Amino acid sequence: MSEEQAKSVADAAEVIVNGYAFLKHSLGVRVVNLDTGNVAVFSNADEMLESSMPEIEQVIALKYLRANRKYMAA
């Protein structure tokens, strides 16, 4: 992911935690790793819907999502 792309995603993010940007998505929440560009989409019930992240990164992203969902605008 280029620096320009990362900046664009970061600007649109509701919350950023440890390099992961959390954005609202029609299906739930989209999580983008700003370093690698890997993306995952989780439902509002925390189910993995689609991902380009390795499994361990999915677990990390979900952990951050659960801990920080309360900071996302309603």
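Which FRET efficiency, nearest 0.05, do N68 and E3 yield, Cβ-Cβ r, R0 35 Å?
0.90
How far apart, in nanometres, would the label points at E50 and E14 be if each is projected 7 angstrom from Cα along the Cα-to-Cβ direction?
Label-label distance for E50 and E14, simple model: 1.9 nm.
Karplus couplings for the range 57-64 from phi (6.51 cos²θ - 1.76 cosθ + 1.60, θ = phi - 60°), rounded to Hz, Gly and Pro as x?
5, 4, 5, 5, 4, 5, 4, 5
Counting Lys and Arg as +1 and Asp and Glu as -1, what is the net charge of the other residues whose Cβ lies under 15 Å from the Cβ of S2?
Charge balance near S2 sits at -3.
In vacuum, with every alpha carbon of the chain counted as one equal point scatterer, what does the Debye formula give for log10 I(q)/I(0) at q = 0.11, 0.15, 0.16 Å⁻¹? Two decimals, please.
Scattering profile of the chain, log10 relative to I(0): -0.22, -0.41, -0.47.
Please list, by residue number, every one of the GluC sites (Glu not before Pro) in the range 41-74 that is coil in DSSP and has at most 14 other beta-carbon atoms within 10 Å.
Those that pass, being in a loop and sparsely packed, are E47.
With unit charges on the beta carbon (Lys/Arg positive, Asp/Glu negative), name the residue among G37, A6, L62 whose Cα is farthest towards the positive pole of the charge dipole of the chain.
Working it through, the farthest residue towards the positive pole turns out to be L62.
Which percent of the accessible area of the chain is formed by carbon and sulfur heavy atoms (probe 1.4 angstrom)?
Of all accessible area on the chain, carbon and sulfur atoms account for 49 percent.
The values are calculated or read from the model by the stated rules, or taken from the named source; none is laboratory data. Because the structure is a prediction, the values reported are computed rather than measured. Every residue, glycine as well, gets a Cβ built from its backbone with ideal geometry; the counts of neighbours run over all protein chains shown. Note: accessible area is taken over every heavy atom of the protein model, side chains too, but ligands, DNA and RNA are not part of it. Shrake-Rupley method; radii C 1.70, N 1.55, O 1.52, S 1.80 Å.
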